[in-house]
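Enquirer: My questions all concern the structure below.
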Amino acid sequence: MLDKIKGALVGFAIGDALGGTTEFLTKKEISERYGVVKKIVGGGVWNLEKGETTDDTAMTLAVGWGILKDPDNPISPIGDGFLKWYASGPKDIGIIIQTVLSHYKGDWFEDAKKAHFDYLNELSAGNGSLMRCLPVALAYNDLAVIESITRQQSKMTHYDSLADEACIIYNRIAYQVLRGKELKKAIKDEIKGTTYESVLTGRKPTCRPDGFVVNTMKWVLYWLLTCESYLDVVIGATNEGHDTDTVAAIAGGLAGLASGFEAIPREYSDLILVKDELLALSLELAELNKSVDLR
C-alpha cells in the first residue's frame, strides 16, 4: 500500500512538473517549440524551476495534511492550508479558486455558493477540485467516507455538482486500484452509465483538454485507458496542449498509484523539488488508512 500511495503522489507531481512546461500552448505550438517534451525541464508560462510544481501539487498537499490534522472533520484544516498557500502569493492559481479564496468570509460552502452566483456567472465547473482530491482516497478505508469527504472538499470552492461528481468517480477508481484492482478494469467499472462512458471507445475526445472538469476528466481517462505505461500517460498529456499540467497531474496520480513508486524512473522522481514532503505525506496517509474507520 505504501508503494502505491507514494507512486500516486509523486506520480501526480511529475505530471504537474512535466505539463507545467507546456501549459496554455496548443499541440502544434508545443511541437514547434519543443518537439516532444519527454523530460522535466521547467520554464513555460510560469518560468518554473526544473522540478518545480504548480498549484495542483500545492493544493493536493494541503488536502493531505489537512486530513491528517483532523481525519474526522478535515474541512477546516484543509481550508487553513488553502488560505496559507494563497497568502504565500503562488505563481499559479485558477480563477475559480482565487475568487473563492479572495472572498472567503468563514463558511467554505456558503462562500463557494456565493462566488458561483455573484462573481463567476454560475461557472464553477472547473477542474480545480478534481486536481487536489486524490489524498482523500489514499487516507480512508471506507468508500462511503471517501465519497462524502471528496464531495465536501470539492464544494469548498466549486459549487457546480459536475466538479464533485468527477472527483467522486476519480476517487472511486483510486479506491479500487489501491485495493488491487487493475486500473483499466477499475475505470471501466466506475464510468459505465456516466457522462464519461464515451471514452471506452478508445478514440480521442473531441473536446479540448481545458479547464472544464468534464473535458479534463475525459482526457484523463483517455490517457489512462490507451497508454501502457506511467510515462506514456504523463508524456501524452503533456504534449496534447491546453491545461497540460492539470491533465498530466490528475492522470499521473492514478497511473502512479497503479504502477507504484518503485516503478517510476528515478530520473523523474528525483527531480521533484517537493519529493521529500510528498514521501512524508505518503507515509502518514498509509498509516492513517490502516487505522481509521469512521463508519
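The values are calculated or read from the model by the stated rules, or taken from the named source; none is laboratory data. Just so you know, these numbers come straight off a predicted model, no measurement behind them. With ideal geometry, Cβ positions are generated from the backbone for all residues, glycine too; neighbour counts draw on all protein chains shown.
Enquirer: Helices (runs of 4 or more DSSP H) wholly in the stretch 1-91 with at least 3 residues that are modelled with pLDDT of 95 or more and buried (at least 24 other Cβ atoms within 10 Å of the Cβ) - which ones?
Expert: Those helices (runs of 4 or more DSSP H) span 2-20, 55-69.
Enquirer: Listed residues E49, E29; which is over 18 Å from the mean Cα position of the chain (by Cα) and under 29 Å from E284 (Cβ atoms)? Outline the logic, then answer.
Expert: Numbers: E29 fails: under 29 Å from E284 (Cβ atoms).
Within the list E49, E29, the selection yields E49.
Enquirer: Of the residues T206, T157, which is part of a loop (DSSP other than H, G, I, E, B) and without any contact (Cβ under 8 Å) to a residue 40 or more places away in the chain?
Expert: Being part of a loop (DSSP other than H, G, I, E, B) and without any contact (Cβ under 8 Å) to a residue 40 or more places away in the chain holds for just one of T206, T157, which is T206.
Enquirer: For the stretch 177-203, which positions are over 17 Å from A237 (Cβ atoms) and either touching a residue at least 40 places away in the same chain (Cβ under 8 Å) or crowded, with 20+ Cβ neighbours inside 10 Å (or both)? Show your work before the answer.
Expert: Within the stretch 177-203, the first condition is being over 17 Å from A237 (Cβ atoms), and the residues that meet it are 177-182, 185-186, 188-195, 197-198, 200-201.
Matches in the stretch 177-203: V177, L178, E182, A186, E190, I191.
Enquirer: Quick one: which residue in R179, R172, R208 is among the basic types (K, R), at pLDDT 95 or above and touching a strand residue (DSSP E or B) at 6+ places or on another chain (Cβ under 9 Å)?
Expert: Working: R179 fails: touching a strand residue (DSSP E or B) at 6+ places or on another chain (Cβ under 9 Å); R172 fails: touching a strand residue (DSSP E or B) at 6+ places or on another chain (Cβ under 9 Å).
That would be R208, the only listed residue that is among the basic types (K, R), at pLDDT 95 or above and touching a strand residue (DSSP E or B) at 6+ places or on another chain (Cβ under 9 Å).
Enquirer: Right, here's the next one. Under 8 Å by Cβ, and 6 or more places apart or on different chains, what pairs join a residue from the stretch 240-257 that is on the phi > 0 side of the Ramachandran plot with one that is hydroxyl-bearing (S, T, Y)?
Expert: Short answer, once both residue conditions are applied: G241/T22; G241/T26; H242/T26.
Enquirer: When only residues in the stretch 269-287 that are part of a helix (DSSP H, G or I) and under 18 Å from the mean Cα position of the chain (by Cα) count, which is surrounded by the most Cβ atoms within 10 Å (Cβ to Cβ)?
Expert: Among residues in the stretch 269-287 that are part of a helix (DSSP H, G or I) and under 18 Å from the mean Cα position of the chain (by Cα), the one surrounded by the most Cβ atoms within 10 Å (Cβ to Cβ) is L285.
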